[in-house]
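**Q** I'd like to ask you about the structure that follows.
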Amino acid sequence: MKVAFLSGTSIVNSTLFSAWDVKTVATAHGAVTYKTKGDFALINRHGYQFPLPPHSINYRANIRALAELGFQDVVSLNSVGSLKKELPPGTLVSCSDYVCFQQGPVTFFDDELKGGAPGIANNLIPLLVGRLAPEFTIHPGKVYVQMRGPRFETKAEIRVVQHWGDVIGMTAAHEADLCTEAGLRYNSLALIDNYANGLEGTEIDFAKFKDLVKDNQAKVNRLFVRLLEILG
């Protein structure tokens with residue numbers, strides 16, 4: 001199966017893809033470096049040399065690159081914060097909808113009077129939910145709330161948005177919008193690394209967040225091993 005993966009900081013820390021070929025593709029929106037092996041391709045959304053913060057990622061180049069490389073199915077792994085007590089750190093979810101009010105959507109329709117309908121295809125999620133069990137439990141049908149970054153949300157902001165969805169992040173809504181516009185099928189997987197700022201007595205900062213991501217690294221590595229087995 002020809003599948004592209006979109007991931008982030010956990011990929012930088014993983015040795016799983018160290019032997020994959022590194023290539024670059026030019027697009028109308030900029031050049032994109034990716035790793036590839038067989039029918040798989042992997043893009044680190046933050047880049048491989050100078051990791052970009054979420055609000056500076058070249059989302060259009062990343063998604064256009066996958067389209068021009070001939071991919072139709074995209075599996076995204078996002079690091080998220082939990083907005084719900086019953087979704088603790090370490091939980092895997094799949095989001096089927098999203099909220100993105102803080103900033104306008106990223107779009108390919110700059111010169112056309114046209115807009116894409118929002119959506120997350122999740123065409124591969126039933127397969128992955130079934131085949132990853134019982135080793136991994138994925139909680140599907142969640143709602144992703146996107147904020148701009150690069151800073152984390154204030155406690156007051158979290159009190160406002162905690163009823164809008166289940167998890168909070170800074171990247172998935174843009175990717176889902178662009179995949180829909182480009183005719184790609186976006187599949188959402190997200191690993192909860194922390195409770196959102198102020199929830200369950202937590203306080204979040206970037207140093208603490210990096211430590212939480214490291215705590216989940218082994219789980220991410222094993223998840224990708226299984227994804228490659230299932231989709232290969």
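Laboratory data are not the source of any read-out in this text; all were calculated from the coordinates shown. Not measured: the values here are computed from a predicted model. When we count neighbours, we look across all protein chains shown, and the Cβ atoms used for this are built from the backbone with ideal geometry, even at glycine.
**Q** Which whole number of Å³ per residue matches the convex hull of the alpha-carbon atoms in the range 30-146?
**A** It is 156 Å³ per residue.
**Q** Could you list which residues have their amide H under 5 Å from that of residue 91, counting only those 5 or more apart in sequence or on another chain, with H placed in the peptide plane?
**A** Correct list: 192.
**Q** Rounded to a whole number, what is D in µm²/s for the chain from Stokes-Einstein with the Kirkwood radius over alpha-carbon pairs (37 °C, 0.692 mPa s)?
**A** For these conditions, the coefficient is 184 µm²/s.
**Q** Full-extension gain between residue 2 and residue 211, please, as 0.36 nm times their residue separation minus the C-alpha to C-alpha distance.
**A** So the extension gain works out to 71.9 nm.
**Q** If r is the Cβ-Cβ distance from residue 50 to residue 110 and R0 is 30 Å, what FRET efficiency results, to the nearest 0.05?
**A** Between residue 50 and residue 110 the formula returns 0.70.
**Q** Near residue 37, which lysines are there with a Cα under 25 Å away, not counting those fewer than 8 places off in the same chain?
**A** Counting by Cα, and skipping residues close in sequence, residue 37 has these lysines nearby: 2, 23, 219.
**Q** Treat each spin label as a single point 7 Å out from the Cα along the C-beta direction, and report the residue 164 to residue 14 distance in nm.
**A** Distance between the two pseudo-spin positions: 2.9 nm.
**Q** Rounded to whole Å and ordered largest first, report the semi-axes of the equivalent ellipsoid of the range 93-150 derived from its Cα gyration tensor (root of 5λ).
**A** After diagonalising the Cα gyration tensor, the semi-axes are 29, 15, 8 Å.
**Q** Which of 178, 197, 100 sits farthest toward the positive end of the charge dipole of the range 3-231, with +1 on the Cβ of Lys and Arg and -1 on the Cβ of Asp and Glu?
**A** Farthest towards the positive end: 197.
**Q** For the chain, modelled as a Gaussian network with Cα springs under 10 Å, which listed residue fluctuates most, 130, 201, 47?
**A** For the chain, modelled as a Gaussian network with Cα springs under 10 Å, the answer is 201.
**Q** Can I ask one more? Compute the length gained on full extension between residue 99 and residue 26: take 0.36 nm times their separation in residues and subtract their Cα-Cα distance, giving the result in nm to one decimal.
**A** 23.2 nm
**Q** Also: Report the charge-dipole magnitude of the chain in Debye, nearest 20, computed about the Cα centre from +1 at each Lys and Arg Cβ and -1 at each Asp and Glu Cβ.
**A** I would put it at about 360 debye.
**Q** What ³J(HN,Hα) values, in whole Hz, does the Karplus curve 6.51 cos²θ - 1.76 cosθ + 1.60 give for the range 136-148 when θ = phi - 60°, with x put for Gly and Pro?
**A** Couplings: 10, 9, 10, 9, x, x, 8, 10, 9, 9, 9, 10, 6 Hz.
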